[in-house]
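Colleague: Take this structure first; my questions come after.
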Amino acid sequence: NAGVMQNPRHLVRRRGQEARLRCSPMKGHSHVYWYRQLPEEGLKFMVYLQKENIIDESGMPKERFSAEFPKEGPSILRIQQVVRGDSAAYFCASSPPRGGYTFGSGTRLTVV
Amino acid sequence: DQQVKQNSPSLSVQEGRISILNCDYTNSMFDYFLWYKKYPAEGPTFLISISSIKDKNEDGRFTVFLNKSAKHLSLHIVPSQPGDSAVYFCAATKGGNTPLVFGKGTRLSVIA
């Protein structure tokens, strides 16, 4: 049973480009969470999704950021028109309905 | 407004001694607390948790203590081993599938 798979592991984008981060949850997990970790900071919640539904996006910036978890395929965190301040490690976690997180290894986004 | 605080950014302990990592929280709605361990370039790994109805939970070398009245929890590692060197994050949740709120982490170094 593979763990939570995130890709790419490293992503470099120029300012103004789009970044797409993918997360495949563990088998049997229907809940996905995205967190962001800035340098020297803890992980900050961004968005919580179930299949085809956004449950809680209270931690997501209102502009440029969006997330989806389609019926088929991975969850996608999309950042449009990236800026230097978006450089961070983005972690995805998944859980079954009863709770209990498993984190992926993260995507390290660098905006140059 | 940080709801989960880890006031010690780093801690250095001799191998074989006890490591004590502390965490304070402000939101009385939190009812489940977790500790995660994180190595560089990896995602957080679940270590141990405690429900608010308990004041202690033990798993091998790891023990978590919860003082609800003080809104304080601590993680004890004994005996400490060099492989325990990592960043430790305290997290809290209101239960179920609600998002985790993380502290900024404490970097533990166990010196041989």
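Any read-out appearing in this document is the output of simple, stated calculations on the displayed coordinates, not a laboratory observation. Fair warning: this is a prediction, and the values are worked out from it, not measured in the lab. No Cβ is skipped: glycine too gets one built from the backbone with ideal geometry, and neighbour counts run over all protein chains shown.
Colleague: List the residues of the stretch B:24-59 whose backbone N lies under 14 Å from a point placed 7 Å from the Cα of residue A:58 along the Cα-to-Cβ direction.
Modeller: Hits in the stretch B:24-59 for residue A:58 at 14 Å: B:27-31.
Colleague: Among all the lysines, which ones have a C-alpha under 22 Å from residue A:71's C-alpha, if same-chain residues fewer than 8 places away are not counted?
Modeller: A:27, A:51
Colleague: What is the Cα centroid distance between the stretch A:68-85 and the stretch B:77-112, reported in whole angstrom?
Modeller: That distance is 28 Å.
Colleague: Quickly work out the residue B:69-to-residue A:5 label distance, labels modelled 7 Å from Cα along the C-beta direction, and quote it in nm with one decimal.
Modeller: Going by the 7 Å Cα→Cβ label model, 5.2 nm.
Colleague: As a footprinting exposure proxy, order B:51, A:95, B:109 by other Cβ within 10 Å, with the fewest listed first. Show your work: numbers first, answer last.
Modeller: Details: B:51 11, A:95 21, B:109 14.
Listed from fewest to most nearby Cβ atoms, that is B:51, B:109, A:95.
Colleague: Within chain B, how many Lys pairs sit with Cα atoms under 21 Å apart, leaving out pairs fewer than 8 places apart on the same chain?
Modeller: Taking chain B as the scope, the lysine pair count is 23.
Colleague: Rank the residues A:26, A:60, A:46, B:29 as a footprinting-exposure proxy: fewest other Cβ atoms within 10 Å of their Cβ go first. Intermediate values should be presented prior to the final figure.
Modeller: On the way: A:26 16, A:60 19, A:46 22, B:29 12.
Ranking A:26, A:60, A:46, B:29 by Cβ neighbours within 10 Å, fewest first, gives B:29, A:26, A:60, A:46.
Colleague: Would you mind ranking A:86, B:59, A:56 by Cβ crowding within 10 Å, fewest neighbours first?
Modeller: Listing A:86, B:59, A:56 from fewest to most nearby Cβ atoms yields B:59, A:56, A:86.
Colleague: Oh, and also: With a 10 Å cut-off between alpha carbons and a GNM built on chain B, which of B:53, B:20, B:77 moves the most?
Modeller: Looking only at B:53, B:20, B:77, the biggest GNM fluctuation is shown by B:53.
Colleague: Taking only the alpha-carbon atoms of chain A, what semi-axes of the equivalent ellipsoid follow from 5 times the gyration tensor eigenvalues under a square root, in whole Å, largest first? Don't skip to the end; give the middle numbers.
Modeller: Working: eigenvalues 99, 40, 34 Å².
Ellipsoid half-lengths, sorted descending, are 22, 14, 13 Å.
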